[in-house]
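Enquirer: Mind looking over this structure? Questions follow.
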Amino acid sequence: MINFKLIKRFFPGKNIKNIGFSKDIEGIYTRFLNEGNNWTEHLENTKKSILISSQNKNKDLCVVLGSGWWLDIPVQELSQMFKRLVLVDIVHPSQIKHKAQKYSNIELIEIEITGIGNKIFNVDSSSSLNDLIVSTSIAKDFNLSFYNDIDYLVSANLLSQLTVFFEKYLNQKKRFSLSEVNNFAKLIQQNHLDSLPKGKSCLIADYFEKFYDNNNQILHQGKRIYVDLPEKGNKNEWIWKFDLKGNYKFGKKVYFDVKFLDV
Ligand SMILES: C[S@@+](CC[C@H](N)C(=O)[O-])C[C@H]1O[C@@H](n2cnc3c(N)ncnc32)[C@H](O)[C@@H]1O
């Protein structure tokens with residue numbers, strides 16, 4: 001039986017909660033409330049796809065990475081389907097901790113998923129990029145062997161968020177060039193993809209963004225992730241009406257292309 005408490009030793013994560021993750025989680029819920037029905041299709045598509053993909057998996061242990069507010073996770077159904085349901089995030093909102101108590105087979109784990117956060121937020125003038133790359137590789141090996149014992153692993157709208165605070169912090173530190181930071185972020189994202197156990201995982205990723213003005217003229221479009229998503233296993237695609245109220249990018253309507261992949 002996997003003891004998830006153990007991985008806290010490897011990814012202590014404590015001092016990184018203040019870096020912006022908690023505020024980010026609050027922001028997700030506020031936007032969800034502001035956008036109302038605009039999010040419904042995205043949330044329902046994610047939940048439906050997770051459930052379809054879960055059908056042919058063994059039913060002992062399901063782990064969801066990036067569970068947040070459970071907005072896009074069919075928690076009730078997964079908890080009935082699997083013996084154990086482990087929900088992982090950097091921080092679980094107190095309302096979610098309260099809600100989880102109603103389920104006898106749900107465990108909430110707070111960890112920094114990549115395993116490299118602590119190293120990044122302790123970067124100093126003597127740190128080399130190579131140190132970070134070596135640590136990333138160690139964290140990847142750990143994730144790889146650890147995830148292998150899971151029957152169904154869900155990476156839930158997490159990939160584009162995984163490196164946001166890391167990049168911001170490293171760019172502020174000005175220890176490395178912009179392209180070094182971008183390449184490092186790419187490596188972390190690629191490691192996340194590579195460590196999802198094959199045949200037992202699914203990935204939902206908002207991978208492309210489009211901004212429009214109020215006359216629906218396109219203002220910007222571009223990738224939200226550094227890596228290429230695998231073509232194989234592509235099951236479903238849709239558009240997430242992420243922010244039509246102009247709060248995320250002032251005065252702009254923001255849409256994300258989302259892919260669901262069986263990995
Ligand atoms: C866009 S949200 C996904 C939506 C979420 N399933 C929900 O319903 O609220 C991404 C989630 O990933 C978490 N996250 C981002 N980077 C993380 C990291 N490095 N380690 C752990 N969790 C992370 C965030 O805290 C957030 O809850």
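Enquirer: Report, in debye and to the nearest 20, how large the dipole of the chain comes out about its Cα centre when Lys and Arg carry +1 and Asp and Glu carry -1 on their Cβ.
Expert: Here the size comes out at about 400 debye.
Enquirer: On the principal axes of its Cα set, how long, how wide and how thick is the chain? Give whole Å, largest value first.
Expert: 49, 48, 38
Enquirer: Another question, then. Go ahead and estimate [θ] at 222 nm for the chain from helices alone: -39,500 (n - 2.57) per DSSP H run with n ≥ 4, summed, over the residue count, rounded to 500.
Expert: One gets -11500 deg cm²/dmol as the mean residue ellipticity at 222 nm.
Enquirer: For the range 80-198: lysine pairs with Cα atoms under 24 Å, gap of 8 or more or different chains, count?
Expert: Counting lysine pairs in the range 80-198 gives 16.
Bear in mind that the values in this text are calculations on the coordinates, not laboratory data. All values derive from a computational prediction rather than experimental measurement. All Cβ positions, even for glycine, are placed from backbone atoms using ideal geometry, and neighbour counts span all protein chains on display.
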